[in-house]
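Once you've had a glance at the structure underneath, I'll fire off some questions.
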6 protein chains.
Amino acid sequence: MKRTLKSQTDLLPVLAFGAHPDDIEFACGGVVAKEILLGRPAHFIICSQGEAGSHGTPKQRVAEAKKSAKLLGASLEFIRLDGDAHLEIKSAHAIKLAGIVRRLKPDIVLAPSLVENQHPDHWRLGCLVRDAVRLARYGGVKELQNLKPHAIGQFLFYAVTHDAEPRDLTPVFIDVSSPDILASWTAAMQAHASQTAARAYIELQLARARANGLRAGISHAIALFPGNPFVLDSLAPLSRGARGF
Amino acid sequence: MKRTLKSQTDLLPVLAFGAHPDDIEFACGGVVAKEILLGRPAHFIICSQGEAGSHGTPKQRVAEAKKSAKLLGASLEFIRLDGDAHLEIKSAHAIKLAGIVRRLKPDIVLAPSLVENQHPDHWRLGCLVRDAVRLARYGGVKELQNLKPHAIGQFLFYAVTHDAEPRDLTPVFIDVSSPDILASWTAAMQAHASQTAARAYIELQLARARANGLRAGISHAIALFPGNPFVLDSLAPLSRGARGF
Amino acid sequence: MKRTLKSQTDLLPVLAFGAHPDDIEFACGGVVAKEILLGRPAHFIICSQGEAGSHGTPKQRVAEAKKSAKLLGASLEFIRLDGDAHLEIKSAHAIKLAGIVRRLKPDIVLAPSLVENQHPDHWRLGCLVRDAVRLARYGGVKELQNLKPHAIGQFLFYAVTHDAEPRDLTPVFIDVSSPDILASWTAAMQAHASQTAARAYIELQLARARANGLRAGISHAIALFPGNPFVLDSLAPLSRGARGF
Amino acid sequence: MKRTLKSQTDLLPVLAFGAHPDDIEFACGGVVAKEILLGRPAHFIICSQGEAGSHGTPKQRVAEAKKSAKLLGASLEFIRLDGDAHLEIKSAHAIKLAGIVRRLKPDIVLAPSLVENQHPDHWRLGCLVRDAVRLARYGGVKELQNLKPHAIGQFLFYAVTHDAEPRDLTPVFIDVSSPDILASWTAAMQAHASQTAARAYIELQLARARANGLRAGISHAIALFPGNPFVLDSLAPLSRGARGF
Amino acid sequence: MKRTLKSQTDLLPVLAFGAHPDDIEFACGGVVAKEILLGRPAHFIICSQGEAGSHGTPKQRVAEAKKSAKLLGASLEFIRLDGDAHLEIKSAHAIKLAGIVRRLKPDIVLAPSLVENQHPDHWRLGCLVRDAVRLARYGGVKELQNLKPHAIGQFLFYAVTHDAEPRDLTPVFIDVSSPDILASWTAAMQAHASQTAARAYIELQLARARANGLRAGISHAIALFPGNPFVLDSLAPLSRGARGF
Amino acid sequence: MKRTLKSQTDLLPVLAFGAHPDDIEFACGGVVAKEILLGRPAHFIICSQGEAGSHGTPKQRVAEAKKSAKLLGASLEFIRLDGDAHLEIKSAHAIKLAGIVRRLKPDIVLAPSLVENQHPDHWRLGCLVRDAVRLARYGGVKELQNLKPHAIGQFLFYAVTHDAEPRDLTPVFIDVSSPDILASWTAAMQAHASQTAARAYIELQLARARANGLRAGISHAIALFPGNPFVLDSLAPLSRGARGF
């Protein structure tokens, strides 16, 4: 049913999951900024307060995340799973996230990649979200009986760092070259002041986006990684390839 | 330069290369049918007359290919490289193909995948085309001096059989579910009567497309494989993922 | 010791594990049908009642599974782990499954593949069974002290869907072409009426088997994936390769 | 046609291709010894006289290869392609090898693996043989018109060294544990005296086979790598898996 | 801070984690022997008493491990996680191991590889250690507040068997050719008498090291697998490559 | 023989092969700068004059390369293979390059990576060099009889762009953080003025090196990719891992 209605879903929300208060913004804040500019609502689900990090108190980090989301125009929700640096893969977590998916009915879901050589919470959250978007479709899950099953349109991974980029998935580059998008993204990253004071996170992310942009013959691009093959009506959306140098 | 004109390139041609008279139609005829229906011109470059095959004379096979292309609405050109079952990777071939790319100025180029465990001509042609679309961009290639450099938009691989599907590239599924597209594709395959009489090629291709379709929650889909990361302006084109069962 | 007795083990049972009442039949029911026809006993261990699915009550699904196994000639056992859509990877589960392996002393064990982009219960069960067949060999596991260690002969993965097919293991195709095997397999799938009413599962599985068959130059084949390298006495069993088209 | 006759093909020959006079024996001489013992004829096609090696004259090496093949009971043929350390991938070579395949009508073909980080002649010969066994099937190849098309049963790769073992194919272990087979294999390797005097080749190969044997719970085994999925009538041949320690 | 002090860290300890009393010695005892000879302290953390194994009582195995470590000159510590054959991936375990890392302040950490087709405890311990060395760096982990954060220099995987060798990481070979190192390693393995009586573990490990040595043009070498890219000041340390035969 | 002399080979030259006049400098000029600073001689072999490129005449490009090498302190040699954009894999080329290796007797050889999705000359030159360093060791190659066989120490790949970075080899990062090294590298790149005027090559390379540096906790690093496993005497050189963020 849903599938046949796809052409009208352009404005259904994008839902991004983050293990820590700053992950979404650093990894793909520019994509979120662009989607919002194009009229798509964005929701963030943050699964810890970053309390195990070396810098910033939970209170500060929650405030920073709220400020950052506000700058982007995204809505924000904190949930509690096992706490920062304590995340485990439990079916109860996946079901909880599936409930959020049912409630928010997103078109597109973003989550950290499954590459294991990164912060332990990142890939575990990616696993949980991948399972959650599947469970959101299954009609018989008891804990979710009061929420209608929802099939999302697509599931994409983001990579907080180079190391987290999956080597077995072909990336898709989202063009974030326009100055207003870059400014909005940068402002959102700057809002996480407790983190950016300690390490050159913003420089890292802009360098990654610039390198992608150079490959693509544009200014800046953010790489996302498909959770499933893309289904398209024609070749038209594919007519730009990143083939630099 | 070209990049900034992308929004107007929707109707620039798709150029498909085939090692034998029937490869394009069997591998991705449905995609071609759909593109033509949507107003995009399609050109086929066929690099042998299938003279090493077990069935059909070169004369028959050329006639079949012409009939098939006509049914689809594609234009067709036979070229000579080394002959069927004799194709080698030579820079002169790549430059010859680059000249064709410069002459026809396609937006999207299709070629056989690089998986080596298939007909020896298939992956070699894929290599040559991949190199050709790069050489088409380089200004100093002497043999091509009388043709203006051309940068294509995107390069995609097709797979004539299961075995030829690359395992390290994330496929993109093109929806070919509508009855008229399926009918047009089937007719194009049937035009290769010398081949379909000998083996169940049509059944194989429709079974593959049906299996893809079932994964994607639609009727039929053909998988293509990106030669380069896709560059997109937003997430909108990605909102359908193949996530069946 | 066991190894030298291998030539007499032809009739030792095949033991198949399924996360849900219909998984084994859909993924590899044809293989089971053939083994039973050839005189090998088959046992199914089903680890949930499919209670989280969108279609069919647990009662219906248990009845369907019993009917299906009966049609095939397999014996069937339901066990409880964490319940449908709730399966977790716990050592207690692996040990429980190892106990079943010790009790039933199978020669060959079948389990769902480890590819993670499928139903969350599938690959987790695959993990648990892989660990279980190893633990079944270790003499000191306390919970299993009253059961004699058992070393199985071989461990193979099945894939319920295309997406679940491992890309890093070379498949082995089991020929299920004979009409009686296909009929028996189809009947076993049809017995899961609550599922087949909702989606085209049978068509999907037969299309997959037909596509494999076309690759192998036969009618139908089911792909399994080796859990360990095969050990053979000679090249004789290898003299048929799937090399179609 | 051929496929239905498979049950009678047990004694059809194995055909092994080697780039240098000693490659086959070092890589898989034990497998050849076993096949011959079981009554299967074996033919070796040697594509150079090892004239670029550091040790042994062409004359010596031809004599050693003849002696070695005689010890194993295999027939031997030297052919000329481009010469040792000069092999190139040319369609004329593949067609020449295809002619040999048509003439000798083997059931099983062995060739060096395609891993490129080994002697340049090895993987190139593997490519040529892979293509040759395909071309042997195609009816229209002009150079081969006077030889009837032949479809082999299966194509397997051997690895002369560790580095040449493909990482993306699941190995199959052939049990070469019996003392007479090991003795025959060792003698065949010793016949290449010009080579074994210079480096510890025999020790290397026996160490590899012993390590495989330990994994498989037997004495010695040689790993081969499938060129295509295996097609089997039942699970029976699969009931031994290498799962050591 | 630590990074700039690297040139003085040559003698900071190596910390090796083992799931069972004999894993470290069998997998990489020769490397430990060499490091100790060169003046680097070595500590072993053993996470079970091997109580689920088929051979040896816990008491025996603890005694064997102590004897073995003493022979090598390493210090040894037994800890309790979930017990042999019961290990699970829990954040509490990773945090416990991170505490050990903070306490012992190693330069280099060794742990079992992440390849899943081995003893279930091995790869799980590898996961836990990988996460632990990351958590050891994060300042806010509550359970670790009384221990100063510590950033290790490098993290390397060992492989207890062939099957456990990662196929996607480039190995580094540590030269253990000198007779005294080999003797020390062998003695350490022999100390695990309850295990070596049952299976040919020592022969397996020496065969693996000999095969590596032959590839590298030396006597014996042990392969380790990098947990992260190596960072070097120059090409000087890289001037020996394993390129045999 | 050579192996035992390794400790004295620190100052043996590094030999870098480039397909075009600017490839070496852009890909790994910083590494070369550092090696030269540390007293290791560096030689460049340039295999075309870049005559197929869009920018710069052959004369200009040769002059730029000479200037660039001079700035770095490397010696430079132009050779002719098939010409820019025309390179083919021929045994005569590999033998020619092997002759250069024998003549220059390098310790370490650098060549472009084998990833095929880059300039067609790049990966082909990588293939040729990989084969050449092997052929340089073989005593019987006739064309090389007047040059003594030479076994290099190690073979490393460089990647001119992101796309050319091998995904199946673990990179090693060479620290090029010191301001003088960065300045020397930048000057060497700037010397290729005809190229840098047209595209942001310098920015790309510095961005890549900066991103690597951030991963490694330093300023800048260049990634190289091992052609063979590293052989080391101890763990000491490995005590810095790139594990950022």
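The values are calculated or read from the model by the stated rules, or taken from the named source; none is laboratory data. Because the structure is predicted, anything quoted here is derived from the model rather than measured. Positions of Cβ are backbone-derived with ideal geometry, glycine not excepted, and every protein chain shown enters the neighbour counts.
Exactly one of these conditions fails for residue D:180: (1) more than 27 Å from residue D:210 (Cβ to Cβ); (2) surrounded by fewer than 18 Cβ atoms within 10 Å (Cβ to Cβ); (3) in contact (Cβ under 8 Å) with a residue 40 or more places away in the chain; (4) of a type outside the set (A, V, I, L, M). Give me its number.
Condition not satisfied by residue D:180: (1).
Can you tell me how many residues within the stretch B:182-203 are among the aliphatic types (A, V, I, L, M), more than 15 Å from the chain's Cα centre (by Cα), within 17 Å of residue B:70 (Cβ to Cβ) and outside any loop (DSSP other than H, G, I, E, B)?
Kept after step one, since they are among the aliphatic types (A, V, I, L, M), are these residues of the stretch B:182-203: B:182-183, B:187-189, B:191, B:193, B:197-198, B:200, B:202.
Subsequent filtering for residues that are more than 15 Å from the chain's Cα centre (by Cα) retains B:182-183, B:187, B:191, B:193, B:197-198, B:200, B:202.
Remaining after also requiring within 17 Å of residue B:70 (Cβ to Cβ): B:183, B:187, B:191, B:193.
Filter again for outside any loop (DSSP other than H, G, I, E, B), leaving B:183, B:187, B:193.
Final tally of qualifying residues: 3.
Here is a follow-up. If you go through the stretch A:136-154, how many residues are among the small types (Gly, Ala, Ser), more than 7 Å from every other protein chain (Cβ to nearest Cβ) and touching a Leu at 6+ places or on another chain (Cβ under 9 Å)? Don't jump to the end; show me each part of the working.
From the stretch A:136-154, those among the small types (Gly, Ala, Ser) are A:136, A:139-140, A:151, A:153; that's our starting set.
If we keep only those that are more than 7 Å from every other protein chain (Cβ to nearest Cβ) too, we end up with A:136, A:151.
Okay, now just the ones that are also touching a Leu at 6+ places or on another chain (Cβ under 9 Å), so A:136.
Total satisfying the criteria: 1.
Restricting attention to the stretch E:50-76, which residues are more than 17 Å from the chain's Cα centre (by Cα) and among the hydrophobic types (A, V, I, L, M, F, W, C)?
Across the stretch E:50-76, the qualifying residues are E:52, E:62, E:63.
Among the residues of the stretch C:37-54, which ones are closer than 21 Å to residue C:186 by Cβ, more than 14 Å from chain A (Cβ to nearest Cβ) and either in contact with a Leu (Cβ under 6 Å, 6 or more places away or on another chain) or not hydrophobic (A, V, I, L, M, F, W, C) (or both)?
Within the stretch C:37-54, C:40, C:44 qualify.
In the stretch A:149-175, how many are within 15 Å of the chain's Cα centre (by Cα) and closer than 18 Å to residue B:237 by Cα?
11
Can you tell me which residue in the stretch B:234-245 is modelled with the lowest pLDDT, limited to those that are facing chain A (nearest Cβ under 7 Å) and closer than 20 Å to residue B:211 by Cα?
Across the stretch B:234-245, the extreme among qualifying residues is B:243.
Can you find a residue that is assigned to a helix (DSSP H, G or I), touching a strand residue (DSSP E or B) at 6+ places or on another chain (Cβ under 9 Å), away from chain C (no Cβ under 14 Å) and among the charged types (D, E, K, R) anywhere in the stretch E:70-93?
Within the stretch E:70-93, one or more residues are assigned to a helix (DSSP H, G or I), touching a strand residue (DSSP E or B) at 6+ places or on another chain (Cβ under 9 Å), away from chain C (no Cβ under 14 Å) and among the charged types (D, E, K, R).
Among F:40, F:3, which is the only one that is outside any helix (DSSP H, G or I) and either of a type outside the set (Ser, Thr, Tyr) or at pLDDT 95 or above (or both)?
F:40
Starting from residues that are closer than 23 Å to residue A:136 by Cα and either under 16 Å from the mean Cα position of the chain (by Cα) or of a type in the set (Gly, Ala, Ser) (or both), keep the ones in the stretch C:77-95 and report whichever is surrounded by the fewest Cβ atoms within 10 Å (Cβ to Cβ).
So, considering only residues that are closer than 23 Å to residue A:136 by Cα and either under 16 Å from the mean Cα position of the chain (by Cα) or of a type in the set (Gly, Ala, Ser) (or both), the one surrounded by the fewest Cβ atoms within 10 Å (Cβ to Cβ) is C:83.
Further, regarding this structure: Quickly run through the stretch F:198-216 and pick out the residues that are within 14 Å of chain E (Cβ to nearest Cβ) and not small (Gly, Ala, Ser).
F:208, F:212, F:214, F:215
Could you list, in sequence order, the residues of the stretch E:217-228 that are within 19 Å of residue E:167 (Cα to Cα) and either touching a helix residue (DSSP H, G or I) at 6+ places or on another chain (Cβ under 7 Å) or more than 7 Å from chain F (Cβ to nearest Cβ) (or both)?
The initial filter retains those residues of the stretch E:217-228 that are within 19 Å of residue E:167 (Cα to Cα), namely E:221-228.
Within the stretch E:217-228, E:221, E:222, E:223, E:224, E:225, E:227 qualify.
Could you list, in sequence order, the residues of the stretch F:133-151 that are buried (at least 24 other Cβ atoms within 10 Å of the Cβ) and either of a type in the set (Phe, Trp, Tyr) or closer than 27 Å to residue F:22 by Cα (or both)? Talk me through it step by step, then tell me what you get.
In the first step, residues of the stretch F:133-151 are kept if they are buried (at least 24 other Cβ atoms within 10 Å of the Cβ); the result is F:133, F:135-136, F:141.
Listed by number, the residues that qualify are F:133, F:135, F:136.
If you don't mind, another one. For the stretch F:144-154, enumerate the residues that are in a loop (DSSP other than H, G, I, E, B) and of a type outside the set (S, T, N, Q).
Selection gives F:147, F:148, F:149, F:150, F:151, F:152, F:153.
Only one of A:234, A:184 is hydroxyl-bearing (Ser, Thr, Tyr) and more than 29 Å from residue B:221 (Cα to Cα); which?
Numbers: A:234 fails: more than 29 Å from residue B:221 (Cα to Cα).
When all the criteria are applied, what remains is A:184.
Next question. Go through the stretch B:96-132 and give me each residue that's surrounded by fewer than 23 Cβ atoms within 10 Å (Cβ to Cβ), in contact with a helix residue (DSSP H, G or I) (Cβ under 7 Å, 6 or more places away or on another chain) and in a helix (DSSP H, G or I).
The answer is B:99, B:102.
Now, a different point. Among the candidates C:89, C:46, C:79, single out the residue that is touching a Lys or Arg at 6+ places or on another chain (Cβ under 7 Å), closer than 30 Å to residue A:147 by Cβ and at pLDDT 95 or above.
None of the others qualify; the one that does is C:89.
OK, next. Counting only residues that are in contact with a Ser or Thr (Cβ under 8 Å, 6 or more places away or on another chain) and not in a loop (DSSP other than H, G, I, E, B), which one in the stretch E:155-174 is nearest to the other protein chains (Cβ to nearest Cβ)?
Here the residue is E:174.
Kindly list the number of the only condition in (1) at the interface with another protein chain (Cβ under 7 Å from one of its Cβ atoms); (2) of a type in the set (Val, Ile, Thr); (3) surrounded by fewer than 24 Cβ atoms within 10 Å (Cβ to Cβ) that fails for residue C:231.
It fails just one condition, (3).
Let me ask you something else. Filter the stretch E:81-107 for residues that are over 12 Å from residue E:17 (Cβ atoms) and of a type in the set (Val, Ile, Thr) and give the result.
Once the filter is applied, which keeps residues that are over 12 Å from residue E:17 (Cβ atoms) and of a type in the set (Val, Ile, Thr), the stretch E:81-107 yields E:89, E:95.
Could you list, in sequence order, all residues of the stretch D:133-142 that are under 22 Å from residue C:215 (Cβ atoms) and either acidic (Asp, Glu) or assigned to a helix (DSSP H, G or I) (or both)?
Within the stretch D:133-142, D:133, D:134, D:135 qualify.
Something else about it: All but one of (1) closer than 17 Å to residue D:236 by Cα; (2) surrounded by fewer than 23 Cβ atoms within 10 Å (Cβ to Cβ) hold for residue C:198; which doesn't?
(1)
Continuing with this model, one more query. Kindly indicate whether residue E:184 is under 18 Å from residue E:24 (Cα atoms), among the hydroxyl-bearing types (Ser, Thr, Tyr), within 13 Å of chain A (Cβ to nearest Cβ) and touching a helix residue (DSSP H, G or I) at 6+ places or on another chain (Cβ under 8 Å).
no
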